[in-house]
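A.B. asks: Questions regarding the structure given below will be posed in turn.
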Amino acid sequence: MDDRTTSSSPLDAYSQIVTSVAAALTPRVACLRVPRGGGRYRGEGLGSAVSYTPDGFLLTNAHVVGHAENGTALFSDGTSAPFHVVGSDPLSDLAVVRADGPTLNPAELGEADELVVGQLVVAVGSPLGLTGSVTAGVVSALGRSLPTSAGARASLVEDVIQTDAALNPGNSGGALADSRARIVGINTAVAGVGLGLAVPINSTTRKIIGALMRDGHVRRAYLGIVSVPAPLPAKLQERFGRASGLRVAEVVPGGPAARAGLRAGDLLITAGGHPVTRAQDLQKLMFSDAIGRPLAITVMRNGALVDVIAEPSELVAA
């Protein structure tokens, strides 16, 4: 057996995966040119977007489109089409645009919750406006948080994917894909040398995408608490089969949680019948269908389990 063949075979297998993902996704990822400013200071921003329906809808970052209403999408085959912004959600850093012209074949959306650290991922986007650029790496970490804001409102995008696949300005809004070319994240930020972050594609972001397509914005419910993960007492760990809950650090005066009787120091165990162990568990419940509807919450207070009923209100722009 040729030693060169043996030593190169792992690289060949790796290359085959990356090239197959690149071939599948490059025609499905566009470069976005987005107008910025106005008057004498009018300029242009660059980003990427992923086709995910057969009728022209593309997924990108909210910070890529900014306050623009339209722009131009450039495709890997050299063609272009105008697009208009369908909806944008700065609190998740996701936006939906629609190309007004020939459509791209859609990419398949995957499931970020199935990722594991060390798994191969491939990034496809348009760094510095260079359409169809491909880099590869691994999932460096999971469960990161990404601070976002919309005016005076702030939020954390939970379960953000960290990768060492090279990302540069212009990659934002592009695809992060698994070895089967399924989109598991939308690249959103360069966290440092060798560190990139991507908004995950999971059940929460699918709801956001659906709302943006349907309504152009995301309606969110609001409880009015600040919480942090905290360990459950040993007896409750045994009873509920998990190690942690959410400690209420602050209750907003006059908010739904305050009206329901929640207090700082309460340890949240369940909400709406679902276990809560991290902020995302509550965020998953805080969409439009929760607004104005009773939400049963179980907390531990002074060593005893207490049930309260809160009625989330709609989170409005400040």
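A.B. asks: Here are some conditions: (1) in a strand (DSSP E or B); (2) more than 15 Å from the chain's Cα centre (by Cα); (3) of a type in the set (A, V, I, L, M). Val190 meets all but one. Which one does it not meet?
C.D. replies: (2)
A.B. asks: Quickly run through the range 240-264 and pick out the residues that are of a type in the set (Val, Ile, Thr) and either touching a residue at least 60 places away in the same chain (Cβ under 8 Å) or part of a strand (DSSP E or B) (or both).
C.D. replies: Those that are of a type in the set (Val, Ile, Thr) and either touching a residue at least 60 places away in the same chain (Cβ under 8 Å) or part of a strand (DSSP E or B) (or both): Val248, Val251.
A.B. asks: Scan the range 35-46 and tell me whether some residue there is more than 22 Å from Val190 (Cα to Cα), part of a strand (DSSP E or B) and in contact (Cβ under 8 Å) with a residue 40 or more places away in the chain.
C.D. replies: no
A.B. asks: In addition: Is there a residue in the range 221-237 that is under 15 Å from the mean Cα position of the chain (by Cα), under 30 Å from Gly137 (Cβ atoms), surrounded by fewer than 20 Cβ atoms within 10 Å (Cβ to Cβ) and not assigned by TED's automatic domain parsing to the domain that holds Val117?
C.D. replies: No, the range 221-237 contains no residue that is under 15 Å from the mean Cα position of the chain (by Cα), under 30 Å from Gly137 (Cβ atoms), surrounded by fewer than 20 Cβ atoms within 10 Å (Cβ to Cβ) and not assigned by TED's automatic domain parsing to the domain that holds Val117.
A.B. asks: Which residue out of Leu167, Leu197 is touching a Gly at 6+ places or on another chain (Cβ under 8 Å) and not assigned by TED's automatic domain parsing to the domain that holds Ala24?
C.D. replies: Leu167
A.B. asks: Does the range 113-136 include one or more residues that are in a loop (DSSP other than H, G, I, E, B) and of a type in the set (Asp, Glu)?
C.D. replies: No: zero hits.
A.B. asks: Just to be sure before I move on: is Ala243 surrounded by 18 or more Cβ atoms within 10 Å (Cβ to Cβ) and not basic (Lys, Arg) in the structure I sent?
C.D. replies: No.
A.B. asks: Just give me the residues in the range 258-273 being more than 11 Å from Ala230 (Cα to Cα) and under 26 Å from the mean Cα position of the chain (by Cα), in sequence order.
C.D. replies: The answer is Thr270, Ala271, Gly272, Gly273.
A.B. asks: Just to be sure I understand the filter: pairs with C-beta atoms under 6 Å, separated by 6 or more residues or on different chains, first member in the range 120-131 and buried (at least 24 other Cβ atoms within 10 Å of the Cβ), second member in a strand (DSSP E or B) and of a type in the set (A, V, I, L, M). Which pairs pass?
C.D. replies: Val121/Val139; Val121/Leu176; Val122/Ala136; Val122/Ala177; Ala123/Leu176; Val124/Val29; Val124/Val134; Val124/Ala175
A.B. asks: Quick check: is even one residue across the range 211-220 assigned to a strand (DSSP E or B) and at pLDDT below 95?
C.D. replies: yes
A.B. asks: Also, I was wondering about something else. Take the residues in the range 304-318 that are in contact (Cβ under 8 Å) with a residue 12 or more places away in the chain and over 30 Å from the mean Cα position of the chain (by Cα); name whichever of them is farthest from Leu262 (Cα to Cα).
C.D. replies: If we take residues in the range 304-318 being in contact (Cβ under 8 Å) with a residue 12 or more places away in the chain and over 30 Å from the mean Cα position of the chain (by Cα), then Leu305 is farthest from Leu262 (Cα to Cα).
A.B. asks: Also, I was wondering about something else. Which one is surrounded by the most Cβ atoms within 10 Å (Cβ to Cβ), of the residues in the range 95-118 that are over 17 Å from the mean Cα position of the chain (by Cα) and without any contact (Cβ under 8 Å) to a residue 60 or more places away in the chain?
C.D. replies: The selected residue is Arg98.
A.B. asks: I would also like to ask the following. Regarding Ala49, is this residue within 18 Å of Leu167 (Cα to Cα), at pLDDT 95 or above and either over 19 Å from the mean Cα position of the chain (by Cα) or not hydroxyl-bearing (Ser, Thr, Tyr) (or both)?
C.D. replies: Answer is yes for this residue.
A.B. asks: Let me ask something else about it. Kindly establish whether Ser92 is closer than 24 Å to Thr277 by Cβ, crowded, with 20+ Cβ neighbours inside 10 Å and of a type in the set (Gly, Ala, Ser).
C.D. replies: It is true that Ser92 is closer than 24 Å to Thr277 by Cβ, crowded, with 20+ Cβ neighbours inside 10 Å and of a type in the set (Gly, Ala, Ser).
Conditions (1) of a type in the set (S, T, N, Q); (2) modelled with pLDDT of 95 or more, marked per residue:
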position	(1), (2)
Leu58	no, yes
Asp93	no, no
Val97	no, yes
Gly110	no, yes
Leu120	no, yes
Ser133	yes, no
Pro147	no, no
Ala152	no, no
Ser155	yes, no
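The values are calculated or read from the model by the stated rules, or taken from the named source; none is laboratory data. Everything numeric in this text was worked out from a predicted model, so none of it was measured. Heads up, the Cβs are rebuilt from the backbone with ideal geometry, glycines too, and the neighbour counts pull from every protein chain shown.
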